Amino acid sequence: MSTNSFDGDRRNLLKAGSAALALAALPKFAHAQGSTIKLGYVSPQTGPLAPFGEADKFVIDQMQTVFKNGIAVGGKKMPVEILLKDSQSNPNRAGEVANDLILKDKVQLVLTAGTPETSNPVSDACELNEVPCVSSVVPWQPWFFGRKGDPAKGFDWTYHFFWGLEDVIANFTNGWKSVQTNKVVGGLFPNDGDGNAWGDPKLGFPGPLAKMGFTLIDPGRYQNLTQDFSAQIAAFKKGNAEIVTGVMIPPDAKTFLTQAKQQGFSPKVVTLGKALLFPGAIDALGDLGDGLTTEVWWSPSHPFKSSLTGQSAKALAASYEAATDKQWTQPIGFAHALFEIAADSLKRAKNASNTSVRDAVAATNLATVVGPVKWGGQGPFKNVSKTPLVLGQWVKGKKYRHELVIVNDQAAPNIPTGGKMKLI
């Protein structure tokens, strides 16, 4: 997918970014260096996107230990304070708490993750107020173009690492090609930042699927937390869709899958972004969770280790399970990597000023627990660094009710598979 093809339809993407427009009236804020390094962290701790923030408190507890003796910035040892703010799964709230971190708490660096509804307004607040920000867990297209990014200029203060829609399309279709279907795909794309990008004719799924011989049935955008998917199910049944895809929040996936079963629609493949990432969401589906497929951005199988703790991906996942009595979840790795990048940047910064920290962030070239992160050469634009992506399938587990097994690694062969994709 060439970056040139993305130019032109950007205004149609991501309603969430508009929440930050209200920030334009606020004064830019440059604060003096203090005696403490303050790191702001914004993620959805509550609301329908809360599974994206489930691992944050574990990671922050870990970082309190890592940073207990402070960090050297420009040759000066400084204590580190981490301020966690809840976006409440609301883009307006995300922008508000970002401004609190910048204007009231006077943080040196903002970290954020968890869908465009969180990361975009936070990134916009930082760009406006000239405070460095590192974001993740948003495909780069809705993050960049949803914020009206100009490919020729990029952004000055905000940097992002994650995969792109071209990667999720490649992984989903690699899986579909490995099993026998009629190649008719039902699309479920909500009216939000991810849904508008995934369903976009130029940026998203429609064009690539058509080129690969898949037929896409797209009934149009629906609102998040809808209670009735009868129209979509009827369209998929009429078109004889054997594959269902899309990018849904977990409650909507449960509603759709439950109603599909009730209405006699039984696709051979269900591959959904976002909704099927988390063990809790799969367990809530009961037997409906068996055989569902989704993207895998991080797992204990990933062959990377932390630059901060030296832990392998496997060891980090195991420490999370031991500390929380919960099954590992994908955001652990990226929450941890945000702090890896923060620590590495601060250590290389000449001082704790906004500009010095920003310049250090921009010069990052770091091997992290989610893979290498490097801006200016490892992505389509200077502000984007891409990370690897593979495909996973939920199967009945040994230790847990369902376990996520990597079933296709054609897009990232250095990440080992644990099985082959099977039809539901």
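Given the conditions (1) in the same structural domain as residue 249 (by TED's automatic domain parsing); (2) within 27 Å of residue 166 (Cα to Cα); (3) touching a residue at least 40 places away in the same chain (Cβ under 8 Å), which single one is not true for residue 275?
Every condition holds for residue 275 apart from (3).
Of the conditions (1) in contact with a Pro (Cβ under 6 Å, 6 or more places away or on another chain); (2) assigned to a helix (DSSP H, G or I), residue 288 clears all except one; give me its number.
Of (1) in contact with a Pro (Cβ under 6 Å, 6 or more places away or on another chain); (2) assigned to a helix (DSSP H, G or I), only one is false for residue 288: (1).
Scan the stretch 317-339 residue by residue and report those that are under 22 Å from residue 138 (Cα atoms) and in contact with a His (Cβ under 9 Å, 6 or more places away or on another chain). Lay out the reasoning, then the answer.
Within the stretch 317-339, the subset under 22 Å from residue 138 (Cα atoms) is 317, 328-339.
Within the stretch 317-339, just 333 meets the criteria.
Please state which of the following conditions residue 122 fails to meet, knowing it meets all the rest: (1) touching a residue at least 12 places away in the same chain (Cβ under 8 Å); (2) in a strand (DSSP E or B).
In the conditions (1) touching a residue at least 12 places away in the same chain (Cβ under 8 Å); (2) in a strand (DSSP E or B), residue 122 misses (2) alone.
Within the set of pairs 6 or more residues apart or between chains, which connect a residue that is touching a residue at least 24 places away in the same chain (Cβ under 8 Å) inside the stretch 55-69 to a residue that is part of a helix (DSSP H, G or I) and among the aliphatic types (A, V, I, L, M) with Cβ atoms less than 6 Å apart?
Partner pairs satisfying both residue conditions: 55/332; 55/335; 56/335; 58/323; 59/335.
Any idea which of 76, 85 is modelled with pLDDT of 95 or more and basic (Lys, Arg)? Give the derivation first.
Values: 76 fails: modelled with pLDDT of 95 or more.
Exactly one residue qualifies, and that residue is 85.
Where residues in the stretch 337-365 are in a helix (DSSP H, G or I) and small (Gly, Ala, Ser), which of them is surrounded by the fewest Cβ atoms within 10 Å (Cβ to Cβ)? Don't jump to the end; show me each part of the working.
Just the residues of the stretch 337-365 that are in a helix (DSSP H, G or I), to begin with: 337-348, 354-362.
Filter again for small (Gly, Ala, Ser), leaving 337, 342-343, 345, 356, 360, 362.
On the way: 337: 28, 342: 29, 343: 20, 345: 25, 356: 20, 360: 21, 362: 16.
Across the stretch 337-365, the extreme among qualifying residues is 362.
Checking residue 257 against (1) closer than 18 Å to residue 334 by Cβ; (2) surrounded by 16 or more Cβ atoms within 10 Å (Cβ to Cβ), which single condition isn't satisfied?
It is condition (1) that residue 257 fails.
Pairs only if they're at least six apart or on different chains, beta carbon under 7 angstrom, first in the stretch 154-182 and closer than 27 Å to residue 242 by Cα, second acidic (Asp, Glu) and modelled with pLDDT of 95 or more; list them, first residue then second.
Qualifying pairs under 7 Å: 168/295; 171/295; 181/242; 182/242.
Please determine whether any residue of the stretch 253-264 is touching a helix residue (DSSP H, G or I) at 6+ places or on another chain (Cβ under 7 Å), under 23 Å from residue 321 (Cβ atoms) and either without any contact (Cβ under 8 Å) to a residue 40 or more places away in the chain or not aliphatic (A, V, I, L, M) (or both).
Within the stretch 253-264, none of the residues are touching a helix residue (DSSP H, G or I) at 6+ places or on another chain (Cβ under 7 Å), under 23 Å from residue 321 (Cβ atoms) and either without any contact (Cβ under 8 Å) to a residue 40 or more places away in the chain or not aliphatic (A, V, I, L, M) (or both).
For residue 229, work out the one condition from (1) within 17 Å of residue 394 (Cβ to Cβ); (2) in contact with a Phe, Trp or Tyr (Cβ under 7 Å, 6 or more places away or on another chain) it doesn't fulfil.
Only one criterion is unmet by residue 229, namely (1).
Among (1) surrounded by fewer than 24 Cβ atoms within 10 Å (Cβ to Cβ); (2) aliphatic (A, V, I, L, M); (3) out of contact with any Pro (no Cβ under 6 Å at 6 or more places or on another chain), which single condition is residue 165 missing?
Condition not satisfied by residue 165: (3).
From (1) in contact (Cβ under 8 Å) with a residue 60 or more places away in the chain; (2) more than 17 Å from the chain's Cα centre (by Cα); (3) over 30 Å from residue 347 (Cβ atoms), pick out the condition that doesn't hold for residue 324.
Evaluating residue 324 over (1) in contact (Cβ under 8 Å) with a residue 60 or more places away in the chain; (2) more than 17 Å from the chain's Cα centre (by Cα); (3) over 30 Å from residue 347 (Cβ atoms) leaves (3) as the failure.
Looking at the stretch 345-359, I want the residues that are assigned by TED's automatic domain parsing to the domain that holds residue 373 and have a partner that is part of a helix (DSSP H, G or I) with Cβ atoms under 6 Å, at least 6 apart or on another chain. Which pairs are those?
345/360; 345/361; 348/360; 349/356; 349/357; 349/360; 350/356
The values are calculated or read from the model by the stated rules, or taken from the named source; none is laboratory data. All values reported here derive from a predicted model rather than from experimental measurement. When we count neighbours, we look across all protein chains shown, and the Cβ atoms used for this are built from the backbone with ideal geometry, even at glycine.
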